[in-house]
Amino acid sequence: MNSVVCISHVPDTESRIKVGADGRRIDETGLKFIVSPYDEYALEEAIRQKEKSGGDVTVLTFGPERASQALRECLARGATKALHVKGESGDADALGIAKVLAAAIKTVPHDVVFFGKQGVGTDNGLVGPMVAEVLGYPQVNVVTHLEVGDGKLTATREIEGAEEVIEAQLPAVITAQKGLNEPRYASLKGIMAAKKIAIDTKSVADLGLSDSDIFNQRVVFVSVELPPEKSGGRKIDGSDPAAAAQEILKYIREEAKAL
Amino acid sequence: MAGVLVFCEVKDGKIKKASREALSIGRKLAESAGGDLVALANDKSVAEEAGRYGAKKLYVANISDYSTEGYTAALKQACEEAKPSVLLFAGTSNGRDLAPRIGARLDAGVASDVDQLSWTDGKLRARRPVYSGKAFATVEVTSTPAIATTRPNAFPAEEAGGGATEVSEVSAPADAKAKLLETKAPEAGELTIAEADIIVSGGRGLKEGPNFSYIRDLAHAIGGAVGASRATVDAGWIDHQHQVGQTGRVVSPNLYIAAGISGAIQHLAGMSSSKHIVAINKDPEAPIFRVADLGIVGDLFQVLPALTEEVKKAKAH
């Protein structure tokens with residue numbers, strides 16, 4: 001079974017976010033970028049499928065030069081091939097990115113296309129299902145359990161307070177939720193082996209796509225702002241639990257009006 | 001006739017609250033954009049309820065089990081008829097599954113998980129959290145239709161005083177490539193954090209997994225959902241569905257009670273837009289107190305049971 005895992009390269013979740021000079025984007029200066037956390041579950045699942053039934057795990061990203069680091073990291077964990085479509089993905093909206101990824105996926109053998117359920121950055125959660133639509137594949141979103149075999153997959157999908165088990169024909173798109181597996185760390189051997197694998201690169205034009213379609217701006221950033229700093233409210237001593245409980249109850253009733 | 005089309009999810013013969021919220025903001029957008037509010041659901045018995053929220057027409061798709069492909073086809077047909085300027089979904093599991101799929105089919109832009117919406121200069125303007133709530137982006141969706149998913153609890157659900165609405169059937173082909181095999185029932189009585197009005201959350205201060213009973217008891221008494229910090233989920237004390245924050249859910253309930261949570265940046269990002277925040281923590285310097293409206297410096301093992309008793313007494317009256 002062959003897999004493609006689409007990777008987004010996002011600021012470390014520990015980062016403090018600053019607004020850039022144009023007021024429309026964040027300031028990337030000094031930010032450490034990582035493989036988006038949900039993509040790690042996607043990658044791990046693809047590697048496990050490969051270990052079970054062979055085939056290739058191709059990691060794919062669309063992004064600027066720095067995104068190669070993310071692919072390198074994935075190769076060190078066990079991906080077997082890497083494809084970097086170079087371009088300013090930050091200037092494309094989710095559908096623009098999806099069209100690039102879909103065109104790139106077609107150049108690589110695949111049965112399952114994996115995504116994280118969302119990039120921990122712009123947090124759109126749009127690209128996976130959009131790629132599924134562009135390719136005409138079925139999709140299962142927010143997956144916590146997966147079985148693949150016999151031309152189809154069976155995936156458990158998390159919904160509000162319940163789970164759905166869905167069967168889909170291959171090829172199919174899966175978006176991974178935390179809990180799907182426990183991702184491994186890169187081993188020293190893996191890191192050394194990864195150095196020998198060349199990252200294939202392509203441009204948007206190489207994929208036969210026009211900039212005007214990809215950077216079409218169906219969604220335009222007007223501004224980015226930080227949430228207002230909360231000053232912190234009242235802080236009271238809770239050494240008398242009964243008095244503290246009554247104070248909380250009063251707040252819940254009178255201010256939150258929740259009882 | 002341009003206007004606003006809202007996808008409505010139905011549970012037990014009623015429109016889900018998150019969808020009623022989307023209908024309510026949809027009606028306001030339709031007023032400023034010009035045109036009617038219309039809705040799509042899989043149950044024609046909700047036509048009257050949709051009418052009360054201002055819908056002039058209800059498109060009905062004959063779909064019983066949720067199907068991405070079926071609803072996408074039904075929505076496309078409704079869009080061809082109604083030609084809406086705006087297409088809205090509640091930001092539930094199904095809304096988040098469908099919005100990008102129909103967006104790609106119609107070559108339209110989508111704004112996800114928005115908490116403010118307006119029709120400004122002839123375009124849909126939306127505010128949405130990015131970097132898990134560490135920043136907010138204001139975006140313009142320039143396509144027709146402009147698509148958005150609304151964050152549950154961010155918009156009030158308000159009836160408009162309308163009545164019975166016209167019903168129109170749309171065809172929905174069965175999904176050939178994917179099918180629902182089984183729905184596993186939820187744990188009895190557990191509310192989910194995504195849509196809850198009240199969340200009671202526990203952190204590492206609980207010391208060990210079984211002590212989540214302190215959180216559950218209060219959540220049960222007050223009628224809220226159980227939330228959790230990442231540390232407790234990673235420690236295996238509670239299922240990931242309960243995790244609030246980055247790599248969990250960004251939530252905006254009316255009331256958020258945090259007990260034994262120090263307030264890592266990833267957690268604060270996920271809950272600081274809650275309308276009322278109460279924090280209970282032993283450490284007076286805990287960062288959670290910076291976002292709390294009411295902070296209790298004290299022992300959660302004493303304060304929580306006392307509060308649970310007070311709530312039970314208050315409810316009994």
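Below, the figures for the structure above:
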| quantity | calculated |
| --- | --- |
| Nearest-0.05 FRET efficiency for B:Glu80 and B:Lys44, computed from C-beta distance (R0 30 Å) | 0.90 |
| Between helix B:17-33 and chain B: long-axis angle, C-alpha atoms, 0 to 90°, nearest 10 | 50 degrees |
| Charge dipole magnitude, Cβ of K and R +1, D and E -1 - segment A:112-176, Cα centre, debye nearest 20 | 200 debye |
| Relative contact order, percent, chain A [alpha-carbon distance under 8 Å, six or more residues apart] | 23 percent |
| Given charges at Cβ of Lys, Arg, Asp, Glu: segment A:54-201 dipole, positive-most of A:Val134, A:Ala67, A:Gln169 | A:Ala67 |
| Diffusion constant of segment A:1-104 at 25 °C, which comes from Stokes-Einstein with the Kirkwood Cα-pair radius and 0.890 mPa s, µm²/s | 168 µm²/s |
| Eligible lysines near B:Lys57 by straight Cα distance, threshold 22 Å, same-chain separation 8 or greater | B:Lys11, B:Lys14, B:Lys16, B:Lys17, B:Lys28, B:Lys44, B:Lys76, B:Lys83 |
| Label-point separation, A:Lys235 to A:Lys106 (7 Å along Cα→Cβ), nm | 5.9 nm |
| For segment B:1-79, diffusion coefficient by Stokes-Einstein and Kirkwood Rh (Cα), 20 °C, 1.002 mPa s, µm²/s | 172 µm²/s |
| In degrees, nearest ten, helix B:300-316 long axis to first principal axis of chain B (Cα) | 60 degrees |
| Whether the protein assembly as shown is rounded, prolate or oblate, judged on the alpha carbon gyration tensor where a/c under 1.5 counts as rounded | oblate |
| Under 12 Å, Cβ to Cβ, from A:Gly121 - net charge with Lys/Arg +1 and Asp/Glu -1 | -2 |
| Placed amide H near B:Leu40: partners under 5 Å, 5+ positions off or other chain | B:Val6, B:Phe7, B:Cys8, B:Tyr59 |
| Under the Karplus curve 6.51 cos²θ - 1.76 cosθ + 1.60, θ = phi - 60°, whole-Hz ³J(HN,Hα) for segment A:41-46, x wherever Gly or Pro sits | 5, 4, 4, 4, 5, 5 |
| Range of Cα positions in segment A:31-74 per principal axis (Å), largest first | 38, 17, 14 |
| Spin-label pair A:Leu226/A:Ala162, simplified geometry with 7 Å Cα→Cβ offset, distance in nm | 4.3 nm |
| Tilt relative to chain B, helix B:68-82 - C-alpha long axis, 0 to 90 degrees, to 10 | 50 degrees |
| In nm, spacing of pseudo-spin labels at A:Ser53 and A:Ala21 (7 Å Cα→C-beta vector) | 5.3 nm |
| From phi via Karplus (6.51, -1.76, 1.60), per-residue ³J(HN,Hα) for segment B:284-299 in Hz, x at Gly/Pro | x, 8, 4, x, 4, 5, 5, 9, 7, 7, 10, x, 10, 8, x, 8 |
| For B:103-116, mean number of other protein chain Cβ atoms within 10 Å | 5 |
| Ratio of Rg to Rh over segment B:1-143 (Cα coordinates, Kirkwood Rh, two decimals) | 0.94 |
| Stokes-Einstein translational diffusion, segment A:106-247 - Kirkwood Rh over all Cα pairs, 1.306 mPa s, 10 °C, in µm²/s | 79 µm²/s |
| FRET E, pair A:Ala193, A:Asp12, Förster distance 25 Å, beta-carbon r, rounded to 0.05 | 0.50 |
| Cα point-scatterer Debye curve for segment B:164-317, base-10 log of I(q)/I(0) at q = 0.16 Å⁻¹ | -0.82 |
| Integer Hz, Karplus 6.51/-1.76/1.60 couplings in order for segment A:209-226, x for Gly and Pro | 9, 9, 3, 5, 7, 6, 9, 6, 6, 5, 10, 10, 6, 8, 7, 10, 10, 7 |
| Those residues of segment B:60-100 whose amide nitrogen sits under 14 Å from the label point placed on B:Thr183, 7 Å along Cα→Cβ | B:63-68, B:93-95 |
| Helical mean residue ellipticity (222 nm; -39500 (n - 2.57) per DSSP H run of 4+; nearest 500) of chain A | -8500 deg cm²/dmol |
| Where the Cα pairs of chain A fall when distances are cut into 5 Å bins, in % | 1, 6, 11, 15, 16, 13, 11, 8, 6, 4, 4, 3, 1, 0, 0 |
| Descending principal axes extents, segment B:96-248, alpha-carbon based, whole Å | 53, 39, 39 |
| Dipole moment magnitude, nearest 20 debye, the protein assembly as shown about Cα centre, only Lys, Arg, Asp, Glu C-beta charged | 660 debye |
| log10 of Debye I(q)/I(0), alpha-carbon scatterers only, for segment B:230-317 at 0.13, 0.19, 0.21 Å⁻¹ | -0.45, -0.92, -1.08 |
| Long-range HN-HN contacts of B:Leu124 with modeled amide H, under 5 Å | B:Val141 |
| Percent antiparallel among DSSP beta bridges (both partners in the protein assembly as shown, rounded to 5) | 35 percent |
| Scattering profile of segment B:65-109 at q = 0.13, 0.29 Å⁻¹ [log10 I(q)/I(0), Debye over alpha-carbon scatterers] | -0.25, -1.23 |
| Theoretical ellipticity at 222 nm over chain B - DSSP helices of four or more residues, -39500 (n - 2.57) apiece, nearest 500 | -9000 deg cm²/dmol |
| Cα-derived Rg over Rh, computed across chain B with Rh taken as Kirkwood radius | 1.01 |
| Three-way shape label, segment A:219-259, alpha-carbon gyration tensor, a/c 1.5 | prolate |
| Full-extension gain in nm, A:Ala243 to A:Glu65, via 0.36 nm per residue minus C-alpha separation | 58.2 nm |
| Placed amide H near A:Arg24: partners under 5 Å, 5+ positions off or other chain | A:Val224 |
| Cα-based shape type of segment A:120-159, given that a ≥ b ≥ c are square roots of the gyration tensor eigenvalues and the cut on a/c is 1.5 | oblate |
| Extension gain from A:Ala186 to A:Thr29, taking 0.36 nm per residue of separation minus the Cα-Cα distance | 53.8 nm |
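No lab work stands behind these numbers, since they all come straight from the coordinates. Note that the structure is predicted; figures quoted are calculated from it, not measured. So basically every Cβ, Gly included, is an ideal-geometry build from the backbone, and we count neighbours across all protein chains shown.
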